[in-house]
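Below: the structure, in structure tokens.
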Amino acid sequence: MLEAFSGPKRTSWGDRLSRPMRIVVGVSGSIAAYKTPMIIRLLRAAGHEVKVVATQAALQFIGAPTLAAVSGYPVSTGVFDDPAAIEHVAVGEWADLVLIAPASADLLARIAAGRADDLLTATVLTTSAPVVVAPAMHTQMWLNPATVENVDTLRRRGLVVITPDSGPLTSSDHGVGRLPEPDRIVHEALATVTGQEETAARLADLPLKGRRVVVSAGGTREPIDPVRYIGNRSSGRQGVALAVAAHRLGADVTLVSANIGAEVLALLPAAVEIVPVGTSRELEDAVRSATAKADVVVMAAAVADFRPVKQADSKIKKHRLGGSDSPGGMRIELIENPDILAGLIARPPRTDGTRTFVVGFAAETGDENGDVLAHGTAKARRKGADLLAVNAVGKQLGFGDVPNALVILDSQGEEVAKASGTKDEVADALMELVAERLAAR
Ligand code: CTP
């Protein structure tokens, strides 16, 4: 029976980089279990602490005294050896790494099924440490669709399954299914931990880590009656690209989505929260409420500047308004919508003393009063956002899935940067600039 695991719980990734690991070596019923003591020796020689959890079947192939001697700890097999010690939880929590070598076809199936009928499977279920599995079995078992599916399932769930070697198996058999040599198993298992630690360290370093970013995107629709609306041609693609870019830089992202198609929303990672809205006023409420906790808000939505004063409760009939029966035509009286961006600056929703960094967008065509940049500069000064991304829009520019070019201005209308390329590329450039400015405040 294994003694109750004690000592501090698993530490953070940063701590683990520089210290010897605590490794649970799992053993299951396979003739290759004779190699496990060599694996344990190599791990201990590298300075790691090892505790062995064996299945009952494993002990048909290798003796518990051998495993206990090479690991320096007693060997355990059952969940209920000492219920008071709740070993299945304790072992999983103790481990920095779980390495199962050899893993039989039966063990792979039990792990894939989420079974917890012995200490080894229960440990796999309870641990949050990386789990590396080195299968060993006959070729037919390895190639059987049941095993193939089980291995796929484990890999999908993030377990590392080391592909077996080809070579001599038991008796006169030959083929794939052989347990790799102990040094390769040890190398792959330790490399898994190093790789995951590097990824975790990289994630911890991301420039928007711990920041909350709100992006509004798409185009608002202002109902005229239950079937008609005043809208615009915004696809939401640029705003979605910005949400993806902010997520990639480590932010917690909320996308306030005004009428964006499912095929565009499908580009978002699952971690991005989506708040769907229809009208400008709904967008304003959603943006203000999300911005109350945000470090950054990016207003990429095309907001309708006006809405019908009245919205008909039932479908407006042509013969009552215009068309051939009513030569007078139809009139819709419009009223101005609130300027949401201006409101975010004049009346910040965040009231805990942290100032939210505000980014606006200006889609301009240029006209007889000035070119795209002249309008953009005037708008930057008028709106007062920390950054205003100005882009030229027209028949072939800006809308849908086409390349984009932005000039980014500060609140004084001074040019800060230019970005061009696909919508994803300009989104990356803009969010990186936002991260830089945020860090410099
Ligand atoms: N915007 C807003 N609320 C509105 C209109 C626009 O918050 N009612 C935001 C947009 O999301 C964008 C920025 O303001 O970030 C500029 O939008 P744009 O339509 O270019 O500016 P307008 O202020 O509407 O100016 P104009 O229509 O005169 O160009």
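The values are calculated or read from the model by the stated rules, or taken from the named source; none is laboratory data. Everything quoted here is computed from the prediction, not taken from an experiment. With ideal geometry, Cβ positions are generated from the backbone for all residues, glycine too; neighbour counts draw on all protein chains shown. SASA here: full protein model, heavy atoms, side chains in, ligands and nucleic acids out. Shrake-Rupley method; radii C 1.70, N 1.55, O 1.52, S 1.80 Å.
Could you tell me whether any residue of segment 188-210 is assigned to a helix (DSSP H, G or I), modelled with pLDDT of 90 or more and surrounded by 19 or more Cβ atoms within 10 Å (Cβ to Cβ)? For segment 188-210, residues assigned to a helix (DSSP H, G or I), modelled with pLDDT of 90 or more and surrounded by 19 or more Cβ atoms within 10 Å (Cβ to Cβ): present. Applying the condition of being in contact (Cβ under 8 Å) with a residue 12 or more places away in the chain and open to solvent by 30 Å² or more (accessible area, probe 1.4 Å) to segment 285-301 and asking which residue is farthest from the ligand (Cβ to nearest atom) yields Lys293.
Is there a residue being touching a Lys or Arg at 6+ places or on another chain (Cβ under 7 Å) and touching a residue at least 40 places away in the same chain (Cβ under 8 Å) anywhere in segment 166-176? No, because not a single residue in segment 166-176 is touching a Lys or Arg at 6+ places or on another chain (Cβ under 7 Å) and touching a residue at least 40 places away in the same chain (Cβ under 8 Å). Cβ separations smaller than 6 Å between residues 6+ apart or across chains give the following pairs from segment 375-390 residues that are over 13 Å from Leu344 (Cβ atoms) and in the same structural domain as Met431 (by TED's automatic domain parsing) to residues that are open to solvent by 30 Å² or more (accessible area, probe 1.4 Å) and within 9 Å of the ligand (Cβ to nearest atom): Ala389/Phe361.
Before we move on, is Gly218 on the phi > 0 side of the Ramachandran plot and within 16 Å of the ligand (Cβ to nearest atom)? It is true that Gly218 is on the phi > 0 side of the Ramachandran plot and within 16 Å of the ligand (Cβ to nearest atom). Report yes if Arg233 is crowded, with 19+ Cβ neighbours inside 10 Å and closer than 24 Å to Gln311 by Cα, otherwise no. Against the criterion (crowded, with 19+ Cβ neighbours inside 10 Å and closer than 24 Å to Gln311 by Cα), Arg233 does not qualify. Restricting Glu368, Glu436 to those that are among the acidic types (Asp, Glu), at pLDDT 95 or above and open to solvent by 30 Å² or more (accessible area, probe 1.4 Å) reduces the list to Glu436.
The number of residues in segment 350-369 that are within 13 Å of the ligand (Cβ to nearest atom) and either within 15 Å of Val298 (Cβ to Cβ) or not in a loop (DSSP other than H, G, I, E, B) (or both) comes to 8.
In segment 338-364, the residues that are closer than 12 Å to Gly384 by Cα reach residues that are in a loop (DSSP other than H, G, I, E, B) and more than 8 Å from the ligand (Cβ to nearest atom) with C-beta atoms within less than 7 angstrom, at least six apart or across chains, in these pairs: Ile345/Gly384; Phe357/Asp295; Phe357/Asp386; Val358/Asp386; Val359/Asp386. Tell me whether segment 397-406 contains one or more residues that are at pLDDT below 95, among the aliphatic types (A, V, I, L, M) and part of a loop (DSSP other than H, G, I, E, B). Within segment 397-406 (the criterion being at pLDDT below 95, among the aliphatic types (A, V, I, L, M) and part of a loop (DSSP other than H, G, I, E, B)), the answer is yes, since at least one residue qualifies.
Screening Asp82 with (1) of a type outside the set (S, T, N, Q); (2) open to solvent by less than 10 Å² (accessible area, probe 1.4 Å); (3) farther than 29 Å from Ala200 by Cβ; (4) modelled with pLDDT under 95 gives one miss only, at (2).
Out of Ile345, Ile332, one residue alone is in the same structural domain as Arg382 (by TED's automatic domain parsing), open to solvent by 40 Å² or more (accessible area, probe 1.4 Å) and modelled with pLDDT of 95 or more. It is Ile345. A single entry from Asp424, Asp410, Asp428 fulfils the requirement of being in the same structural domain as Arg237 (by TED's automatic domain parsing), of a type outside the set (Phe, Trp, Tyr) and closer than 17 Å to Arg211 by Cα: Asp428.
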